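Each remark here refers to the structure printed beneath this line.
The values are calculated or read from the model by the stated rules, or taken from the named source; none is laboratory data. Since this is a predicted model, take the numbers as computed values, not measurements. Cβ sites come from the backbone with ideal geometry, for glycine too, and all protein chains shown count toward neighbours. Quick note on the areas: whole protein, heavy atoms, side chains included, nothing else; ligands and nucleic acids left out. Shrake-Rupley method; radii C 1.70, N 1.55, O 1.52, S 1.80 Å.
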Amino acid sequence: MNTPSRAERIEGLVRPQIRALNAYHVPPATGLLKLDAMENPHPWPGDLEAPWLERLRGVQLNRYPLPQADELAAALARQAGVPPGFGLLLGNGSDELIQLLDICLARPAASVLLPAPSFSMYGLIARVLGLEVVEVPLRADFGLDVPAMLAAMQQHRPALTYLSCPNNPTANLFAAADLRALIAAAPGLVVVDEAYFPFAGRSVLPWLLEFDQLLVLRTLSKVGLAGLRLGYLIGHRDWLREFDKARLPYNISSLTQISAQFALEHADRLAAEAARIREDRAVLLQALAGISSATVYPSDTNFVLLRLSPGQASRVHGALREAGILVKNVHGSHPLLAECLRLTVGTVAENRALVTALRTQLQD
């Protein structure tokens, strides 16, 4: 009997749907000005570092973390203004919560509906779990194609519809009337992902009282706490109880729980950081608008979408990297993003360096 090769074992054991996928790639950024991942560019305020570290001294790393992180969940609920009867489910980043929802709703032949382009992990996680992924292209102005989305709902009866609002990577808020129409018509659950809420100033959270099928997803990653990997799902407690059954125990580390609680005690500082980024975004948008060979789109997030002339996106992306600046090249990821780069709003100095480098490369 011949012993199968490793390649034959992989082909025989790993599901075809997994073998057909590409892993999510994070490029190395050591030594580069990092403007590719929508992080807050400002470190923890210096006067808070010592009391934060002192708080961490009390953590017993030999013990498991609190299993439900009830104190942290309560603090987040108060800070977000979660209405009575509703609650939070915490995740190791929003990605874990997306995965948890997909796991719980992955019945045979179940589908997930997405506008496209949108956050890549919606489709990747759904495909890993064997869900059918139905994508409906956005309009040319990056708005929702409501008639097409409604037709897809009628045809596929999706268990889940994900709506990133503001949307990544297009940086825009969807029209409130369009969101309402889709939520009201959805045969399954609708998750409105508000990862960029601190920079948009508009939320569907009050709509939880109107729509039983609505869930709201948020994160602390964009307000300066990306290293904690903390996301939270807001919804009616009846829904959350079901999803909690599939949550792995101790998924929020003790260090994350203590650090996030400390941060929420200084929520005013986080809000001030978000306000500063909004101001810096306005300056960056104005500077980019002055580059005649590029098109800059409005932004309700902490990043900006820039479209270059045909054949320029990949070249400029590589040239910026050579110059020590890392941005995200989204050209090729979707037809609507042809020749587009995604630029995180950095510090004032970083934004100036980025604009200068772009002008040099585009000879503007």
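Observations
- Comparison of Phe142, Phe211, Phe174 shows that the only residue that is of a type outside the set (Ser, Thr, Tyr) and closer than 24 Å to Leu240 by Cα is Phe211.
- Any hit, the range 203-223, residues being out of contact with any Lys or Arg (no Cβ under 6 Å at 6 or more places or on another chain) and at positive phi: no
- Set side by side, the residues Leu66, Leu90 differ, and just one is open to solvent by less than 80 Å² (accessible area, probe 1.4 Å) and either of a type in the set (A, V, I, L, M) or modelled with pLDDT of 95 or more (or both), which is Leu90.
- Note on the range 279-296: residues that are under 25 Å from Ser203 (Cα atoms) and either polar (S, T, N, Q) or touching a Ser or Thr at 6+ places or on another chain (Cβ under 7 Å) (or both) amount to 2.
- Close contacts from the range 202-226, counting a first residue that is without any contact (Cβ under 8 Å) to a residue 24 or more places away in the chain and farther than 20 Å from Leu255 by Cβ and a second that is open to solvent by 10 Å² or more (accessible area, probe 1.4 Å) and not in a loop (DSSP other than H, G, I, E, B), with Cβ to Cβ under 8 Å and a gap of 6+ residues or different chains, come to Ser203/Phe197.
- Every residue from the range 286-337 that is in contact with a Phe, Trp or Tyr (Cβ under 9 Å, 6 or more places away or on another chain), farther than 22 Å from Ser221 by Cβ and not in a strand (DSSP E or B): Tyr297, Leu336
- Residues in the range 291-320 that are among the β-branched types (Val, Ile, Thr) and either over 18 Å from Thr170 (Cβ atoms) or without any contact (Cβ under 8 Å) to a residue 12 or more places away in the chain (or both): Ile291, Val296, Val316.
- Every pair of residues 6+ apart whose Cβ atoms lie under 6 Å, when the first sits in the range 155-169 and is charged (D, E, K, R) while the second is surrounded by fewer than 24 Cβ atoms within 10 Å (Cβ to Cβ) and at pLDDT 95 or above: Arg157/Pro187
- Of the residues making up the range 151-173, at least one is more than 21 Å from the chain's Cα centre (by Cα) and either over 19 Å from Val136 (Cβ atoms) or of a type in the set (D, E, K, R) (or both).
- Qualifying residue in the range 19-30 (condition: touching a helix residue (DSSP H, G or I) at 6+ places or on another chain (Cβ under 6 Å) and open to solvent by less than 40 Å² (accessible area, probe 1.4 Å)): no
- Within the range 187-218, restricting attention to residues that are in a loop (DSSP other than H, G, I, E, B) and farther than 23 Å from Ala282 by Cα, the residue that is nearest to the chain's Cα centre (by Cα) is Val204.
- Against the test of being within 19 Å of Gly290 (Cβ to Cβ) and of a type in the set (Lys, Arg), the options Arg352, Arg321 yield a single qualifying residue, Arg352.
- Residues of the range 313-364 classified as open to solvent by less than 20 Å² (accessible area, probe 1.4 Å) and in contact with a Cys (Cβ under 8 Å, 6 or more places away or on another chain), total: 2
- Sub-7 Å Cβ pairs linking a first residue in the range 31-57 that is buried (at least 16 other Cβ atoms within 10 Å of the Cβ) to a second residue that is among the aliphatic types (A, V, I, L, M) and assigned to a loop (DSSP other than H, G, I, E, B), at least 6 apart or interchain, are Leu35/Val327; Asp36/Val327, ordered by first then second residue.
- Test: Pro84 is open to solvent by 50 Å² or more (accessible area, probe 1.4 Å), more than 17 Å from Leu160 (Cα to Cα) and more than 20 Å from the chain's Cα centre (by Cα): yes
- Neighbours by Cβ (under 7 Å, 6+ apart or cross-chain): first from the range 277-290, surrounded by 14 or more Cβ atoms within 10 Å (Cβ to Cβ); second assigned to a helix (DSSP H, G or I) and of a type outside the set (S, T, N, Q): Ile277/Phe199; Arg278/Phe199; Asp280/Val348; Ala287/Val355; Leu288/Val355
- Test for Leu233: is it open to solvent by 30 Å² or more (accessible area, probe 1.4 Å) and either among the acidic types (Asp, Glu) or under 22 Å from the mean Cα position of the chain (by Cα) (or both): no
- Conditions (1) exposed (fewer than 14 other Cβ atoms within 10 Å of the Cβ); (2) among the acidic types (Asp, Glu); (3) part of a loop (DSSP other than H, G, I, E, B); number of the one not met by Asp268: (3)
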